Amino acid sequence: MGAEGVTADPFRPAALAALAAFPIEPDALELVSLSENVTYRVVDRRDGVAYALRLHRPWYHTLDELISERAWVRALADADIAVQAPLRTLDGQEYASVTIPSTGERRFAGLARWATGRVLAQVLRETTDTRIAEQHFARLGAVTASLHDQAATWQPPAAFTRHALDENGFMGSMPHWGPFWDHQLLSAAERRLMLDTRARLHAALARLDRPPSAYSMIHADMHPGNVLVDGDRLTVIDFDDAAWGWHAYDMAVALVHQQDGPNLATFERAYIAGYRSVRPISDQVLMSVPMFRLVRGLAQIGWDHQRPELKRSARFDDVKAVVLEQCLSIGGAL
């Protein structure tokens, strides 16, 4: 924690200030992720326990929404679902408020136990045996089902507040992840196609039932990049997008990065089998998963549209190509 690190990292002074609010004695502070949220790994010198310190982006959630996220994560931990256990401040608060000295920006800082294991997405990239990959997806399906089981019967605190990924949250005039149809890299014809698909999806989502068994709190970003593997144990991380929504959306997100690969059907069968080993899921709900993959793809384009500072990547072109094909094949059938 020397001066060199402070100079190179404009968030480091705020991170150190935030740590003073928590009941640990930091011995090491390592920047591990610098994106919308800023994440550090910090070690308590008293016992060697590691924690994740996150400085949350200022515009995405209110403090009440962040506190509500923590309430659900604690409830999931109480249900024996592997998540990062949150730590309160010395005065019993969920977050500490800090200022970024270089910009004057205010951020809320939260601390949670560091989760051990490797990122599932990386493990899958290194796995050449399809049977082993199937086992990972089956475990992911089972963990998703356990999370949905808890959420379907959970009674949130009275002050609980999170956004809704319903027909308006996904396809309204101001979608949660931005107006995908206005992306600067879309042609006029592509924009018209997406606007037509948006109207069809909005109507289709509005028709879907919302019983707690199928619509409750969801993770909303539970792909293999947000899951850690430690032996047979899977830990779910990053609840930043957690919202009220359909369980089928979580299922669509889990396999979204495999949808243009040769093993999608195989991995999907393994995932569904794992899910059904924990809780039932109707064939009718499963039939909506392809639609939610399209929803996810459009949301990804909206997310990219809101971040013009990001460099254009080949990955965006791939996502756009898949989404445009799905607009014709899935959106056209709605």
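The values are calculated or read from the model by the stated rules, or taken from the named source; none is laboratory data. What you are looking at is a predicted structure, and each value in this text was computed from that prediction instead of being measured. Heads up, the Cβs are rebuilt from the backbone with ideal geometry, glycines too, and the neighbour counts pull from every protein chain shown. All accessible areas refer to the heavy atoms of the entire protein, side chains included, with ligands and DNA or RNA removed. Shrake-Rupley method; radii C 1.70, N 1.55, O 1.52, S 1.80 Å.
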Subject >> Filter result for the condition that a residue is free of Cβ contacts under 8 Å to residues at least 40 places away in the same chain and either outside any loop (DSSP other than H, G, I, E, B) or surrounded by 19 or more Cβ atoms within 10 Å (Cβ to Cβ) (or both), over A189, A138 >> reply: A189
Original post:
Among (1) farther than 30 Å from A270 by Cα; (2) at pLDDT 95 or above, which single condition is Q184 missing?
Top reply: (2)
Subject >> Checking D304 against (1) in a helix (DSSP H, G or I); (2) more than 23 Å from L165 (Cβ to Cβ), the condition it does not meet >> reply: (2)
Subject >> helices (runs of 4 or more DSSP H) enclosed by the stretch 1-94 - at least 1 residues per element that are open to solvent by 70 Å² or more (accessible area, probe 1.4 Å) >> reply: 3-8, 63-78
Subject >> Candidates S277, S216, filtered to the one that is more than 28 Å from S33 (Cβ to Cβ), open to solvent by less than 20 Å² (accessible area, probe 1.4 Å) and hydroxyl-bearing (S, T, Y) >> reply: S216
Original post:
Is it the case that the stretch 150-163 has a residue that's without any contact (Cβ under 8 Å) to a residue 12 or more places away in the chain, over 26 Å from M291 (Cβ atoms) and either in a helix (DSSP H, G or I) or of a type outside the set (A, V, I, L, M, F, W, C) (or both)?
Top reply: yes
Subject >> Given (1) of a type outside the set (G, A, S); (2) without any contact (Cβ under 8 Å) to a residue 60 or more places away in the chain; (3) not in a helix (DSSP H, G or I), number of the condition L234 does not satisfy >> reply: (2)
Subject >> the stretch 237-263, residues that are in a helix (DSSP H, G or I) and open to solvent by 20 Å² or more (accessible area, probe 1.4 Å) >> reply: H257, Q258
